[in-house]
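Contents: one structure, followed by commentary.
The values are calculated or read from the model by the stated rules, or taken from the named source; none is laboratory data. Quantities reported herein were computed from a predicted structural model and do not represent experimental measurements. Cβ: placed from backbone, ideal geometry, glycine included. Neighbour counts: every protein chain shown. Accessible surface areas use protein heavy atoms only, side chains included; no ligands, DNA or RNA. Shrake-Rupley method; radii C 1.70, N 1.55, O 1.52, S 1.80 Å.
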Amino acid sequence: MFKQTTKTLRGIGHRFIDRIWRLGTAARFVWRILRRSSDNPLRLIGLTVREMYATGVLSLVIILVSALFVGMVLALQGYNTLQRYGSSEAAGVLVALSLVRELGPVVTALLFAGRAGTAITAEIGLMKTTEQLSAMEMMAVNPIARVIAPRFWAGVISMPLLAAMFSMVGVLGGYLVAVPLLGIDHGAFWSQMQTSVDFRADIVNGVIKSFVFGIACTIIALFEGYDAPPTAEGVSRATTRTVVNSSLAVLGLDFALTSFMISV
Amino acid sequence: MDRTTMDLWVGLFVAAGIAALIGLAMKVGNLTSDHLGDTYTVSAHFDDIGGLKPRAPIKSAGVVVGRVDSIQFDTKRYDAVVTLKIDKHYKFPRDTFASINTSGLLGEQYVTLEAGGDEEMLEENGKGKIDHTQPALVLEKLIGQFVSGKASEGDSGTSQNTTENTQ
């Protein structure tokens, strides 16, 4: 009985210490990325552009198609409820505000974690498993500067751009449903939207959010890959953890950021 | 993948992202409609501003002529001082009347200016002051008045009834 209790307690303590350990490693990992980024800025830009193709351009299809449908559904749902109160023209406001403030940054980050984050983790995990990272170190090439840093900057730059495109395409999707399909007046749709969406309070805050999500998602994806046990199972688990942890981090950070932004 | 085509795609991606941001700012947001040309400021005292907020529109005959710049509390007169930024194109007479209205039943509040008949115009050096103002209609107060009015009506009604009964 006593033995059993100590065993459980030891298990909990071990897990807890392990988490703290990983957190410290992750923090040091981020610090190394930032420090190594200034090593050779010109080469970093070239490598970042290549990685932006993989993280940004290749994520475009899923982001834009989802955005179109999210905007269309928002307009339909919003119209359905708003028309009961005789203010169906406000559907445009509803679509724009929910997209710019919340859904644009959050859904983009969730899709990004699933589309680009997993690819980053799997790629780096496999590089580690096949000892490509060690081989680089043998050739006096720093893997952080050569492999990790470009992916980090590519993710951080791509996310706000993707989120902006998501919001814009979502609004256009909402327009497509609201104006030709549901017969809301074209002018009222845009003018009500423009009077209630504020540039500083809504659009800039949305961009800040997506920027923070970009940093969080990319760091999680990179660290899980870099820290993955060098086995097939290790890489698969790391990839799963990337999606789970990124999603949780995005939703948690979203609450924290929103509470800051609303109170101001 | 050829390096140059990849660069092209990334360039297109970045350009599309920036275009989306500008589109959001211009088409969805209020960056364009918010832009006023040269303005002059005028202050007005209100007993109650209700839910008026900075950047609320100032309308005259329904046309937006400016925006609320700031709202402060005057510790001498114990009322609200609202600083109004009005477009330089629109001059208002000195006896202009300012009131706070609500768009729709529960919509946002805005300031309405009604021009008076004075020959002299409001000063544009920032010292201009609107003397005639009407406070915001606060819905709770209105309901309160209505309810108390009904209650007093009801009182008189019952008293009438009682007198009828006694008769």
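When A:167, A:191 are checked against the criterion of being more than 11 Å from the chain's Cα centre (by Cα) and open to solvent by 10 Å² or more (accessible area, probe 1.4 Å), A:191 stands alone in meeting it. Among the residues of the range A:235-263, those that are more than 30 Å from residue A:129 (Cβ to Cβ) and out of contact with any Asp or Glu (no Cβ under 8 Å at 6 or more places or on another chain) comprise A:251, A:252, A:253, A:255, A:256, A:257, A:259, A:260, A:261, A:262, A:263.
Of all the residues that make up the range A:39-61, how many are within 14 Å of chain B (Cβ to nearest Cβ) and either more than 17 Å from residue B:11 (Cβ to Cβ) or open to solvent by less than 70 Å² (accessible area, probe 1.4 Å) (or both)? First the steps, then the outcome.
Of all residues in the range A:39-61, those within 14 Å of chain B (Cβ to nearest Cβ) come to A:43, A:45-61.
Imposing the further condition that a residue be either more than 17 Å from residue B:11 (Cβ to Cβ) or open to solvent by less than 70 Å² (accessible area, probe 1.4 Å) (or both) reduces the set to A:43, A:46-49, A:51-57, A:59-61.
Residues flagged as within 14 Å of chain B (Cβ to nearest Cβ) and either more than 17 Å from residue B:11 (Cβ to Cβ) or open to solvent by less than 70 Å² (accessible area, probe 1.4 Å) (or both) within the range A:39-61 amount to 15.
Could you tell me whether any residue of the range B:82-96 is without any contact (Cβ under 8 Å) to a residue 40 or more places away in the chain, surrounded by 10 or more Cβ atoms within 10 Å (Cβ to Cβ) and among the acidic types (Asp, Glu)? Checked the range B:82-96: at least one residue is without any contact (Cβ under 8 Å) to a residue 40 or more places away in the chain, surrounded by 10 or more Cβ atoms within 10 Å (Cβ to Cβ) and among the acidic types (Asp, Glu). Answer yes if at least one residue in the range A:65-79 is at pLDDT 95 or above, in a helix (DSSP H, G or I), closer than 30 Å to residue B:4 by Cβ and open to solvent by 70 Å² or more (accessible area, probe 1.4 Å), and no otherwise. Yes, the conditions are met somewhere in the range A:65-79.
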